[in-house]
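**Q** Sharing a structure below in structure tokens format, with a few things to ask.
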Amino acid sequence: STAMGSGVYAALECSLTAVDCKFENNVAQNKKNGGAVGVGTDSHFNASGCQFIDNGTEDNGGAISASNSLILNDCYFKNNTAASGGAIYISGENATLMAENCTFSDNHSDGTSHEGGAISMTNGHLLLNSCSFESNSSANGGAIYITGETARLKANNCKFIGNRSPNHSEKTVF
């Protein structure tokens, strides 16, 4: 596909909910964001029990790219690839990512920006509860990269195991 969010794209002011869905082998080409799901301005995406496997993009968010809110419960992200945010890229002062009981494994960023093997966030709020990050990789932030004056991270009961980041910039979280 050549559009943002090659599996699903929510344009302006949409609300999407996915339950027990599988997003696999989706690719956003030509420098588009969101290999599997693209969430536009003022749109929201809720996923429960979903799998995001082997998705990718040359730009931001191998599985999901968003500029507003994401709520994820019991989701599984494996082997997604992007320049920034191997699994998820989210940006915006009002952007929020809430993830509970999610697993991020073997995701990586390998493009020019190399930020956030699993998650990259610019501004906004990242709230993680009982999530697992294992074997993710990126030059900056093997598991998570967060930057921006309004960026906030709260992680509760999360596991970070074997994530790799050869660069250790001041913006690298894990």
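**Q** Under 6 Å between Cβ atoms, which residue pairs at least 6 apart in sequence (or on different chains) link something in region 153-164 that is at positive phi with a partner that is of a type in the set (Asp, Glu) and at pLDDT 95 or above?
**A** Matching pairs, first to second residue: 162/134.
**Q** Across region 107-123, what is the total count of residues that are assigned to a strand (DSSP E or B) and acidic (Asp, Glu)? Walk me through it before giving the result.
**A** Taking region 107-123 as the starting set, the residues that turn out to be assigned to a strand (DSSP E or B) are 108-109, 115, 119-122.
Narrowing further to those that are acidic (Asp, Glu): 115.
Qualifying residue count for the region: 1.
**Q** Considering each residue of region 117-154, count those that are over 15 Å from the mean Cα position of the chain (by Cα) and over 24 Å from residue 166 (Cβ atoms), and give that number.
**A** 6
**Q** Take the residues in region 14-40 that are aliphatic (A, V, I, L, M) and closer than 17 Å to residue 107 by Cβ; name whichever of them is most open to solvent (accessible area, probe 1.4 Å).
**A** 27
**Q** Could you tell me how many of the residues in region 157-174 are of a type in the set (Lys, Arg) and either at pLDDT 95 or above or not in a loop (DSSP other than H, G, I, E, B) (or both)?
**A** Going through region 157-174 one residue at a time, the tally reaches 2.
**Q** Kindly indicate whether any position in region 97-113 is hydrophobic (A, V, I, L, M, F, W, C) and modelled with pLDDT under 95.
**A** no
**Q** Taking region 41-81 on its own, how many of its residues are open to solvent by 10 Å² or more (accessible area, probe 1.4 Å), modelled with pLDDT under 95 and within 19 Å of residue 131 (Cα to Cα)?
**A** So the answer is 1.
**Q** Let me ask something else. Scan region 85-106 residue by residue and report those that are of a type outside the set (A, V, I, L, M) and part of a strand (DSSP E or B).
**A** Of everything in region 85-106, those that are of a type outside the set (A, V, I, L, M) and part of a strand (DSSP E or B) turn out to be 89, 91, 96, 100, 103, 104, 105.
**Q** Examine region 146-156 for a residue that is part of a loop (DSSP other than H, G, I, E, B), open to solvent by 40 Å² or more (accessible area, probe 1.4 Å) and hydroxyl-bearing (Ser, Thr, Tyr), and state whether such a residue exists.
**A** Within region 146-156 (the criterion being part of a loop (DSSP other than H, G, I, E, B), open to solvent by 40 Å² or more (accessible area, probe 1.4 Å) and hydroxyl-bearing (Ser, Thr, Tyr)), the answer is yes, since at least one residue qualifies.
**Q** Also, I was wondering about something else. Which one is farthest from the chain's Cα centre (by Cα), of the residues in region 62-84 that are in contact (Cβ under 8 Å) with a residue 40 or more places away in the chain and part of a loop (DSSP other than H, G, I, E, B)?
**A** The residue in question is 80.
**Q** Next up: Whether any residue in region 103-122 is within 22 Å of residue 14 (Cα to Cα) and not β-branched (Val, Ile, Thr) is what I want to check. Spell out the reasoning first.
**A** Quick first cut of region 103-122, residues within 22 Å of residue 14 (Cα to Cα) only: 121-122.
Still in the list and also not β-branched (Val, Ile, Thr): 121.
Scanning region 103-122 turns up at least one residue that is within 22 Å of residue 14 (Cα to Cα) and not β-branched (Val, Ile, Thr).
The values are calculated or read from the model by the stated rules, or taken from the named source; none is laboratory data. Worth saying up front: this structure is predicted, and the values here are computed from it rather than measured. Methodologically, a virtual Cβ is constructed for each residue, glycine included, from the backbone with ideal geometry; neighbour enumeration extends over all protein chains shown. Calculation scope for accessible area: heavy atoms of the full protein, side chains included, ligands and nucleic acids excluded. Shrake-Rupley method; radii C 1.70, N 1.55, O 1.52, S 1.80 Å.
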